[in-house]
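Notes follow the structure.
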Amino acid sequence: MKKNKLCQILLITIFIFSKVTPTLAANNQTVSYFYASFWSLIPSAAAITLALITKEVFSSLFIGIFIGALLQCNFNLIATLDIIIKNGFIVAITNYSGIFLFLILLGTIVCLINSSGGSEAFGRWAKKNIRTRISAMLVTFILGVLIFIDDYFNCLTVGSVMLPITDRNKVSRAKLSYLIDATAAPICMIAPVSSWAAAVSATAENLNTGISGIQLFIKTIAYNFYSLLTFVFVISLCVMDFDYGPMKIQEKEAQKNIDIFEEKTEKNFKGCVLDLILPVVALIFFCIIGIIYVGGFWENNSGDFIFAFSNTDAFVALPWGALIALILTIIYMLSRRLISFKEVMDCLPKGFTSMVSPIIILTLAVSLNTMTNSLGADIFVHNIMTNVSSSLYNFLPSVIFIAACLLAFASGTSWGTFGILIPIVTTIFTPGSTLLIIGISACLAGSVCGDHCSPISDTTIMASAGAQCDHVTHVSTQLPYVITVAIISFITFIIAGFVQNSIICLSIGILLTLGVLFAIKKFTNK
């Protein structure tokens, strides 16, 4: 009897929710009762919380999407399903199809390098020349800094190259994924020639800043404390060779285990180090060519490098470069007779299979971001920023930093975050003033910080894929590190609001970073 009553109550509830009539605007678009309110951030918050608690990312992201769709259509269940399919999954797959193709192509290239013996040869070379954990981590950091063109490209390339080296030197996959993530978005955000610089310049170009978009970006580099202090933090952590929080457990487990790479990779002694270097160099070269080609570098003989970067579409350019690199890699390996044509063809489905997990996570994360945007999260943040701007003027850089962190963490996108906040910041500060530069820097730094630690961030997902690390493990282990640098950056932005001198503020931030690390090491040793 009790079960029958529960079923009746459930059916009545579903019937009532399905009959809720959404409000319609003048253009016949559904207006959610929760639009531009605190509730707009609930779907992302629910997904992130569930992912950290359950350690399971697929169901957590889907539940967040479901909650967002429910709120968007005012609990109409039929409309909820329609929104999830049409506005969520289909839009995500359509918009990110270029990145999915790039992932598959890159996975195939990595599979070819492994099958030909290039990875094995590079591992043998690294075993002779990179003999310590510290050197393996520092080389990973340096390689990440050198590949500053694009964060997706950075994550996957550094991961595929450095994975055998870090495995042999007992560096955990969690630590590798942190090193990749810490040198992906942060380096792209301070590199004048990168897809990120182009996005920031384009966002700020027609706003009332007193200077051009690219000039504004260059001026913000010195005040981008989170990105700069992250590099100080990573180098210091590697040199001091200690860890804390969940990462410490992962590192201890890695040092107990036998060599993971040698255990999982078939031996192939035909290849040499050049068989790994040439495909990677070709990939980097043709991706850069693809970026400037798609950006119109050769159209009408413009030859404008900066314009090409600001006008490009990375979702087209990266697959463009990866496809050429893949074809040349196949020709090179067949001519060297490292593998047969049948083995080459076998690498195609293997490359796709290796990228299935990040593709699914990325699809779910983008769908969740779409739900958050449709609920008016940007308007909610705009209203908060406008209300506090008059009373906390000199403290605004630190407030902007925190707001950007929270928004990027909840939405999983740094580009979307600074796209929302930069127009707001330019209306608060005087055009051309130093405080405007600091405010934009705080916006960019907070966007990177929130994106860096968000479980639904595409860059975080790519870092997990590049290091072949469990996604939730990557997020949970790097979170204490990101929070440490974020707190130091917040304090530095408070100082910058009054001092307004990049050298003094950055020096204070570096001293704080080193002091905190020494204190944590002393405490953890006890």
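Observations
- Test: residue in region 436-457 that is open to solvent by less than 50 Å² (accessible area, probe 1.4 Å), of a type in the set (S, T, N, Q) and closer than 18 Å to LEU52 by Cα: yes
- Residue list for region 97-120, filter: out of contact with any Pro (no Cβ under 7 Å at 6 or more places or on another chain), of a type in the set (Val, Ile, Thr) and open to solvent by less than 10 Å² (accessible area, probe 1.4 Å): ILE99, THR108
- Every pair of residues 6+ apart whose Cβ atoms lie under 6 Å, when the first sits in region 278-298 and is within 19 Å of THR329 (Cβ to Cβ) while the second is open to solvent by 40 Å² or more (accessible area, probe 1.4 Å): ALA282/LEU328; PHE286/ILE324; GLY290/TRP320
- Among (1) open to solvent by 10 Å² or more (accessible area, probe 1.4 Å); (2) in a loop (DSSP other than H, G, I, E, B) - the single one ALA403 does not satisfy: (2)
- Helices (runs of 4 or more DSSP H) lying entirely in region 28-111 (those with 3 or more residues that are hydroxyl-bearing (Ser, Thr, Tyr)): 42-54
- Unmet criterion (only one of (1) of a type in the set (Ser, Thr, Tyr); (2) more than 30 Å from SER367 (Cβ to Cβ); (3) crowded, with 24+ Cβ neighbours inside 10 Å) for SER464: (2)
- Test result for THR430, out of contact with any helix residue (DSSP H, G or I) (no Cβ under 6 Å at 6 or more places or on another chain), crowded, with 17+ Cβ neighbours inside 10 Å and either under 30 Å from THR363 (Cβ atoms) or not basic (Lys, Arg) (or both): no
- All told, ILE93 falls short of being at negative phi and open to solvent by less than 40 Å² (accessible area, probe 1.4 Å).
- Cβ pairs under 6 Å, 6+ apart, first in region 489-517 and open to solvent by 50 Å² or more (accessible area, probe 1.4 Å), second outside any helix (DSSP H, G or I): PHE498/ASN394
The values are calculated or read from the model by the stated rules, or taken from the named source; none is laboratory data. The model shown is predicted, which means the values in this text are computed figures rather than measured ones. No Cβ is skipped: glycine too gets one built from the backbone with ideal geometry, and neighbour counts run over all protein chains shown. All accessible areas refer to the heavy atoms of the entire protein, side chains included, with ligands and DNA or RNA removed. Shrake-Rupley method; radii C 1.70, N 1.55, O 1.52, S 1.80 Å.
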